[in-house]
Amino acid sequence: MSETTRPIDSAAMPRRNRFGILFAAVWMIFLGGPLIEGWNLRDELRGWAGILATLTFGALYLYTFARVQQRRLTLSGEPTVRRAVLTLAGLTALAAVIIVSVGPTGLATAPYLAVTAVTMLPTVAGGILTLAIAASVEIVSVSAGWGNYSGLSLGVCAAAFATWGVMSLIRRNIAMVHEREEQELRAVMEERARMARDLHDILGHSLTVITVKAELANRLLDVDVERARSELDDLERLSRDALADVRSAVDGFRTISLPVEIARAREALRAAGIEDHSPNSTEMVPRHLRELFAWTVREGVTNVVRHSAATQCTITIDEKSVEIVDDGISGENTTIGNGLTGLRERAAAAGARLTINSAAHQGFSLQVHEQENT
């Protein structure tokens with residue numbers, strides 16, 4: 001079992017731990033009998049032995065209780081069997097010294113042994129040991145002629161059962177807290193992944209188009225100044241749009257439009273010198289697929305402009321699928337990068353499937369289609 005601790009609530013944990021120790025310390029009052037009896041026998045060595053053994057027994061019990069509680073609060077796991085055996089052996093030895101030193105009042109240590117057993121051991125082992133302790137109380141009291149201690153034996157079983165109930169409740173509560181923390185952590189990780197995916201898609205497309213337009217404007221400076229100025233105006237607009245998209249993505253309110261993405265795709269393809277064939281209408285696409293198809297067009301066209309060296313690109317859309325096909329070089333496109341990975345995740349979340357087809361010197365096809373419900 002790992003010894004690494006992971007606090008549930010670093011501010012509340014010390015308070016809970018102190019409260020638990022104080023609660024356990026209250027029950028130390030039942031060790032007052034052995035202490036008083038030892039004090040009455042202080043003129044004899046066994047009196048001081050009883051006092052010292054009782055104080056040591058109480059200190060070890062409180063330390064064990066605090067240690068077990070701390071491990072549970074910090075989700076460090078249950079005590080090891082070896083530690084439990086050593087602790088119970090130490091407490092049992094001290095209890096034997098107390099009983100021998102002060103007599104029948106020393107039997108007051110029996111409930112503490114039972115509580116420690118059910119606290120540190122698995123349920124079955126703790127229950128068996130509790131019954132053994134209760135039986136030992138009866139055997140010792142009868143053998144020593146101290147009378148009937150059946151009430152104490154029942155008290156041992158009752159204390160152990162009550163402690164087991166409390167420990168079970170604590171375990172369930174801690175498990176619930178642990179599960180809630182795991183859910184919160186998963187939510188944070190999913191949000192980070194969504195943010196990274198959105199930023200990649202936004203910046204990948206926008207920066208690709210900006211780069212292509214910058215190259216085109218640079219070539220036009222010595223040929224057509226007016227058109228070069230128009231391309232530079234487009235660069236300014238695209239950079240502003242990209243900045244606005246990033247801000248919207250960070251705010252978590254961004255949605256994209258399929259008609260807008262098709263219009264942007266036409267512009268990007270034109271700037272890259274690629275002939276485009278794209279639909280004039282997207283009204284047939286159901287509402288629940290429109291955003292996914294918009295992301296598909298954005299990612300697909302970005303890959304065409306960036307990697308394909310194509311001369312033509314065709315975008316085909318119907319009510320269940322969208323496909324981007326080019327006639328360029330497919331080798332580089334076959335690498336599954338962050339963009340396609342993110343698109344595959346989007347498709348799966350929407351109940352659709354991403355399909356990639358490529359063959360050397362025969363172009364590249366990217367398709368997202370809705371899967372039939374079975």
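The values are calculated or read from the model by the stated rules, or taken from the named source; none is laboratory data. Bear in mind that the values here come from a model prediction, so they are computed numbers and not experimental data. With ideal geometry, Cβ positions are generated from the backbone for all residues, glycine too; neighbour counts draw on all protein chains shown. Heads up: the accessible areas ignore ligands, DNA and RNA and are worked out on the full protein's heavy atoms, side chains in. Shrake-Rupley method; radii C 1.70, N 1.55, O 1.52, S 1.80 Å.
Straightening the chain between residue 143 and residue 222 buys 17.0 nm, computed as 0.36 nm per residue apart minus the Cα-Cα spacing.
Multiply the residue separation of residue 356 and residue 161 by 0.36 nm, subtract the distance between their alpha-carbon atoms, and state the gained length in nm to one decimal.
63.9 nm
For segment 291-299, backbone phi angles converted through the Karplus equation (6.51, -1.76, 1.60; θ = phi - 60°) give residue-by-residue couplings of 5, 4, 5, 5, 4, 5, 4, 4, 5 Hz, Gly and Pro being listed as x.
Shape analysis of segment 116-190 based on the Cα gyration tensor places the equivalent ellipsoid semi-axes at 42, 10, 6 Å, largest first.
For segment 137-237, the solvent-accessible area works out to 63 Å² per residue, with a probe of 1.4 Å and every protein chain left in place.
Rolling a 1.4 Å probe over the protein chains gives residue 63 an accessible area of about 140 Å².
Evaluated with a Cβ-only charge set (Lys, Arg +1; Asp, Glu -1), segment 54-189 carries a dipole of roughly 200 debye about its Cα centre, given to the nearest 20.
Stretching the chain fully between residue 52 and residue 193 yields a gain of 44.7 nm (0.36 nm per residue, less the alpha carbon separation). Legend: P(r) of segment 155-226 from all alpha carbon pair distances, 5 Å bins from 0, whole percents, reading 3, 13, 8, 9, 7, 7, 7, 6, 6, 5, 5, 4, 4, 3, 3, 2, 2, 2, 1, 1, 0. Between the alpha-carbon centres of segment 278-328 and segment 211-236 there is a gap of 26 Å.
How would you classify segment 53-169 from its alpha-carbon gyration tensor, with a ≥ b ≥ c the square roots of the eigenvalues: rounded for a/c under 1.5, else prolate if a/b is greater than b/c, otherwise oblate?
prolate
Here the calculated FRET efficiency for residue 27 and residue 178, from their Cβ-Cβ distance with R0 = 22 Å, stands at 0.15, rounded to the nearest 0.05.
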